[in-house]
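Have a look at the structure below before the remarks.
The values are calculated or read from the model by the stated rules, or taken from the named source; none is laboratory data. Please read these numbers as outputs of a predicted model, since none were measured by experiment. All Cβ positions, glycine included, derive from the backbone under ideal geometry; neighbour counts span all protein chains shown.
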Amino acid sequence: MVGRLVRSTAALVIALSVVLPVSVAHATMPNPDHKVTICHRTGSAAGGNTHMGYSIITVDIASSGFVMGGHTDHEQVGNGPGGDIIPAYDYTRADGTVFHFPGKNLDTSIGGSTGAEILANGCKLPPREFKWTADASSDCRRADGHVIVKVVFTNQSAFSMTVTATEITFTGQSQTMDVAPGQTVLFQFDVGHSPKPPGEVTLDIGWTDGFPGQDSGTLNHSSTPLCGPPA
């Protein structure tokens, strides 16, 4: 008999009180509005006012049209996400000419999301969903009469998961595997001689790259009758 579980849950993400405009990826700023809101990379993965390695800050634009403060050259990438993320914008100079800035790190992949997606999400990595299926079953190994508890797990998300399966009814054994997107893996536990009553297996799941969020589940499997040679 098989116990089956299908899950799709969102990772925990705390919403910011600061929300960037929907059109943040591109803006037109004629004089005297000479500021732009950017994601400024801090030196800590948990730093900044987003607590995700970034601060949302609004900076001045020089008369030439460039963002002031050295943000176009700031490439802090240690301890977390990549460098500063700056939207594309058009800036009208005092003489009437228009300066176009193409943006910075908007197409760069940071933690599995583009810079533009992070910018639009208030300088935080967008939430991910844990999407997976799992089946639990038990089978008798005829050669020695041992019962094998099996868990088949499939990662249906776009990111790798680290999965720990624990057989909690008979032995407390645990196995951990990294499961790539679209991959199916098999956990197996030898729980001793048959017969065996019904049991449970728990699953603890996180993102392999350390992205915030965890998921879990419990799978049931049926009893297994006596088979094979006696104990």
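Quick one: is SER138 in contact with an Asp or Glu (Cβ under 7 Å, 6 or more places away or on another chain), not assigned by TED's automatic domain parsing to the domain that holds MET52 and not acidic (Asp, Glu)? Lay out the reasoning, then the answer.
On the way: in contact with an Asp or Glu (Cβ under 7 Å, 6 or more places away or on another chain): no; not assigned by TED's automatic domain parsing to the domain that holds MET52: yes; not acidic (Asp, Glu): yes.
So SER138 does not fit the description; no.
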Worksheet item: Among the residues of the range 178-195, which ones are in a strand (DSSP E or B) and crowded, with 16+ Cβ neighbours inside 10 Å?
Response: VAL179, VAL185, PHE187, PHE189, VAL191, HIS193
Worksheet item: Here is a list of conditions, (1) within 28 Å of the chain's Cα centre (by Cα); (2) over 22 Å from ASP209 (Cβ atoms); (3) in a loop (DSSP other than H, G, I, E, B); (4) modelled with pLDDT under 80, and GLY78 meets all of them except one; can you say which number that is?
Response: (2)
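Going by the conditions given, is VAL163 within 18 Å of ASP209 (Cβ to Cβ), of a type in the set (A, V, I, L, M, F, W, C) and either touching a Gly at 6+ places or on another chain (Cβ under 6 Å) or assigned to a strand (DSSP E or B) (or both)?
Details: within 18 Å of ASP209 (Cβ to Cβ): yes; of a type in the set (A, V, I, L, M, F, W, C): yes; either touching a Gly at 6+ places or on another chain (Cβ under 6 Å) or assigned to a strand (DSSP E or B) (or both): yes.
For VAL163, the condition - within 18 Å of ASP209 (Cβ to Cβ), of a type in the set (A, V, I, L, M, F, W, C) and either touching a Gly at 6+ places or on another chain (Cβ under 6 Å) or assigned to a strand (DSSP E or B) (or both) - is met.
Given the residues PRO225, PRO198, PRO127, which is the only one that is under 30 Å from VAL36 (Cα atoms) and not acidic (Asp, Glu)? Even if it seems obvious, please write down each step before you answer.
Numbers: PRO225 fails: under 30 Å from VAL36 (Cα atoms); PRO198 fails: under 30 Å from VAL36 (Cα atoms).
The conditions single out PRO127.
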Item to complete: Examine the range 113-131 for a residue that is of a type in the set (Val, Ile, Thr), closer than 21 Å to LEU5 by Cα and outside any loop (DSSP other than H, G, I, E, B), and state whether such a residue exists.
Response: no
Discussion item. If the requirement is being surrounded by fewer than 21 Cβ atoms within 10 Å (Cβ to Cβ), within 30 Å of THR42 (Cα to Cα) and not assigned by TED's automatic domain parsing to the domain that holds GLY53, which of these qualifies: PRO212, PRO198?
Written reply: PRO212
